[in-house]
1. Among the numbered criteria (1) open to solvent by 40 Å² or more (accessible area, probe 1.4 Å); (2) part of a helix (DSSP H, G or I), which one does A:Gln65 miss?
2. Among the residues of segment B:96-116, is any out of contact with any Gly (no Cβ under 7 Å at 6 or more places or on another chain), assigned to a helix (DSSP H, G or I), open to solvent by 40 Å² or more (accessible area, probe 1.4 Å) and hydroxyl-bearing (Ser, Thr, Tyr)?
3. With respect to A:Ile88, is the statement that it is open to solvent by 50 Å² or more (accessible area, probe 1.4 Å) and not small (Gly, Ala, Ser) true?
4. Kindly list the number of the only condition in (1) touching a residue at least 24 places away in the same chain (Cβ under 8 Å); (2) surrounded by fewer than 19 Cβ atoms within 10 Å (Cβ to Cβ); (3) charged (D, E, K, R) that fails for A:Glu31.
5. Given (1) in contact with an Asp or Glu (Cβ under 9 Å, 6 or more places away or on another chain); (2) over 23 Å from A:Pro100 (Cβ atoms); (3) more than 9 Å from chain A (Cβ to nearest Cβ), where does B:Tyr73 come up short, assuming only one miss?
6. Any idea how many residues of segment B:154-167 are assigned to a helix (DSSP H, G or I) and either more than 7 Å from chain A (Cβ to nearest Cβ) or surrounded by fewer than 16 Cβ atoms within 10 Å (Cβ to Cβ) (or both)?
7. Check segment A:89-108 and report whether any residue there is more than 30 Å from B:Val45 (Cα to Cα) and within 7 Å of another protein chain (Cβ to nearest Cβ).
Amino acid sequence: MRRLIPMWIAIIAGFAMLFSAFFPVTEFFGETFGEIFSVVAAIAYVLGAGSLAKINLAKISRRDQGWGYSAITLFCFAATLFVGLGKIGVPPNAQFAALPWSGEKNAEGSAFAWIYEYGLVPITSTMFALLAFYVASAAFRAFRAKNLEAILLLSTAFIVLLGRTFAGVVLTGWFPDWASGLRLENLSVYIMQVFNTAGNRAIIIGIALGVTATSLRILLGVDRSWMGSGGNS
Amino acid sequence: MSPSKSWIVIIAVIVALVGIRLSIGQGMGKVYVEQVDTVVEVEAVAKTKDHDGSPAQTVKWTQFNGVEPNKYYAAQATNPAQTVVTLSWPRTFGLWLGAFFTLAIFSFMYRDNPGYRLAEAVIIGVSAAYWMVIGFWDVVVPKLFGGIAHGFVIANVLPTLPAPPTEQVIAMWFALGLGGILLMRLSSKGAWISMWSLAFIIGVTAGLKIVSHVESDLIAQSVATFKPLISPQAGATGVIELGPTVWASLANILIVVGVLCCLTYFFFSVEHKGVVGRAARVGIWYLMITFGAAFGFTVMGRVALLAARVEFLFDDWLWLIDPAGKRVVEVAAAAGSFLFQ
C-alpha cells in the first residue's frame with residue numbers, strides 16, 4: 001500500500017498533465033495541477049532548509065571538525081531569511097504607499113539586495129570564474145592529439161577560442177578576400193552555425209527521446225525507482 | 001599550510017593591494033548614494049468584505065539610490081555642505097566584503113584554506129535562504145496565500161491581486177496539504193507519507209516533460225533539419241550568385257548529413273558495421289567538433305566571468321582602472337582637494 005498509492009498519484013497527475021495538452025476539456029486539470037505543483041515545489045524549499053539546519057545543528061552539537069563553519073552557514077541562512085521574508089529596508093510601492101510590504105523584495109537599498117550584491121554575486125561568480133583555470137589545467141593535462149577525433153575536438157576548441165578574440169583577427173586578418181572564409185572569426189561562425197548546430201540538434205533529439213521514454217515508463221508504472229530501494233519493477 | 005598561515009597569506013595579499021593603492025593616493029573602495037525623499041498622500045479606503053478599510057494618511061520614506069563617484073564630486077563642487085549625495089557606509093562595507101570574498105575564493109587556486117571555507121559556508125547559507133525568499137514572495141504569497149487568505153494578501157502585500165475562483169481556493173488548500181505532507185520527510189516516523197507529495201511532483205514533471213520535449217525539441221528540431229539541399233542565394237541585383245549559393249547549399253547539406261549521422265551513432269539497436277558503421281563514424285566526428293566548440297565556449301564564458309571579477313577588484317574596489325569614466329580626473333580636480341580624502 002505504501003508503494004501503490006504514490007504510484008497511482010504519479011500516474012493520475014502525469015496523465016492529467018498529458019491529456020490537458022490534447023483535450024481542451026481536461027485543460028483545467030493541467031492548469032490546476034501546474035499551480036499546485038509550483039506551490040508544492042516552493043514549499044519543498046522549507047524541506048531543504050530543514051535538512052540544512054538538521055545537518056549543521058548536529059555538527060555543531062557534536063563539535064565536529066569545522067563546526068564553526070556550520071555555525072556561520074546557519075547564521076547567514078537565518079539572517080538572509082529574516083531580512084528577505086521581512087522585506088527589511090524595502091520602501092513601499094509608491095502606488096500602494098499605505099501597504100508597508102507592497103515594495104519589491106529586492107528593491108535597491110534593501111538588506112536583501114545588499115546580501116545579493118555583496119555576498120551572493122561575488123562568491124558565486126568568482127567560483128564560476130575559478131573554473132577557467134581548472135578547465136584550462138585539465139585540458140592541458142588530458143587533451144592529446146592522438147587520433148582524428150581528438151584532433152577535431154582540439155582544433156575546433158582552438159578555432160572557437162581564437163575566433164572570438166582579437167588574437168584570431170590579428171592572426172588571420174591578412175588573408176585575401178577570396179579566402180576570407182578561412183579567417184578564424186569567420187571559420188568560428190561557420191563551425192557554430194553548421195557543425196555545432198548539427199551535433200547539438202542530434203543531441204537534443206536524443207535527449208527528447210530519452211526523457212519521453214523515461215517519463216512514459218513512470219506514467220505507466222513500469223519505472224518505480226524514484227520510490228527508493230525495492231521500488232523497481 | 002596551517003590555517004593561521006593561510007589567514008596570514010590572505011590578509012597579507014589584501015594589505016599589499018590596499019597598501020599599493022594607498023601609496024598612489026586618490027582613494028579607493030567607496031560607494032556613494034543619493035538620498036530621495038518620497039511623500040505620498042494616501043486616500044481613505046472604505047471597509048468592505050475583502051478589506052478592513054484604512055484612514056487617510058501621509059506616508060513618508062527615504063530611499064538611497066547608488067550613484068557614480070562623479071556625481072558626488074560634482075555635488076561637492078557645487079555645495080560642499082550638501083547632504084543629498086553622500087558616502088554610504090553600509091554599501092562601502094559591502095564592497096570591501098565582496099572584495100574579501102572574491103580574494104578568498106581565488107585563494108583556493110593555491111589550496112583549500114580557512115578563507116575559502118568561510119566564503120563557502122557563507123554562500124551555502126545565503127543561497128539556500130535566497131531561493132527560499134524568492135519562492136515565498138513569488139509563489140507562496142500570490143498563489144497559496146492569495147488563494148487561502150486573499151483578504152490578508154490584498155490588505156498587506158498585493159492590493160491588485162484578483163479574487164480567486166472557488167476551484168483555485170480548493171486547489172490551494174490541496175497544495176497546502178501536499179506541502180505539509182512533504183515536510184513529514186523531516187520526521188523519522190512519518191517520512192513514508194511524504195512519498196505522496198513526491199509522487200505528485202514526479203507525475204506532474206513527467207507529464208510536463210513529455211509534452212514540452214516532444215513539442216519543442218523532438219518535433220521542432222526535426223522540422224528545422226528539413227532544409228533545401230540546394231539553396232539559391234540572390235545578390236543585391238536580384239540575380240542568383242554562384243558563390244553564396246554553393247556555401248548556403250553546402251551548409252544545409254552538412255547539417256542534414258550531420259544530424260542523420262549523429263542519430264545513427266546514437267542508435268544502438270543495429271550493430272555499427274558497414275554503411276551504418278561509417279555513418280556512425282562521421283557522426284562521431286560531428287560530435288567531437290560539437291564538444292570542441294562547447295569546450296571553447298565554456299572557457300570563453302569562464303574567462304569573461306574572470307575578467308568581470310578582476311574588473312570588480314581593480315575598478316570598483318581598488319580604483320586602479322576606470323573604463324567607464326566613473327571617477328573622471330577633470331571633474332575631481334575641479335571639485336577640489338576634499339575628493340580623495
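1. (2)
2. Scanning segment B:96-116 turns up no residue that is out of contact with any Gly (no Cβ under 7 Å at 6 or more places or on another chain), assigned to a helix (DSSP H, G or I), open to solvent by 40 Å² or more (accessible area, probe 1.4 Å) and hydroxyl-bearing (Ser, Thr, Tyr).
3. Here the answer is yes, as A:Ile88 does meet what is asked.
4. (1)
5. Here B:Tyr73 clears every test but (1).
6. Qualifying residue count for the region: 4.
7. Checked segment A:89-108: no residue is more than 30 Å from B:Val45 (Cα to Cα) and within 7 Å of another protein chain (Cβ to nearest Cβ).
Conditions tested, residue by residue: (1) part of a loop (DSSP other than H, G, I, E, B); (2) small (Gly, Ala, Ser); (3) touching a helix residue (DSSP H, G or I) at 6+ places or on another chain (Cβ under 9 Å).
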{"residue": "B:Val39", "(1), (2), (3)": "no, no, no"}
{"residue": "B:Thr48", "(1), (2), (3)": "yes, no, no"}
{"residue": "B:Asn65", "(1), (2), (3)": "no, no, no"}
{"residue": "B:Ala74", "(1), (2), (3)": "no, yes, yes"}
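The values are calculated or read from the model by the stated rules, or taken from the named source; none is laboratory data. Everything numeric here is computed off the predicted structure, so don't read it as measured data. In this analysis, Cβ positions are derived from the backbone assuming ideal geometry, glycine residues included, and neighbour counts consider all displayed protein chains. Ligands, DNA and RNA are stripped out before the accessible areas are found, and what is left, the full protein with its side chains, is counted by its heavy atoms. Shrake-Rupley method; radii C 1.70, N 1.55, O 1.52, S 1.80 Å.
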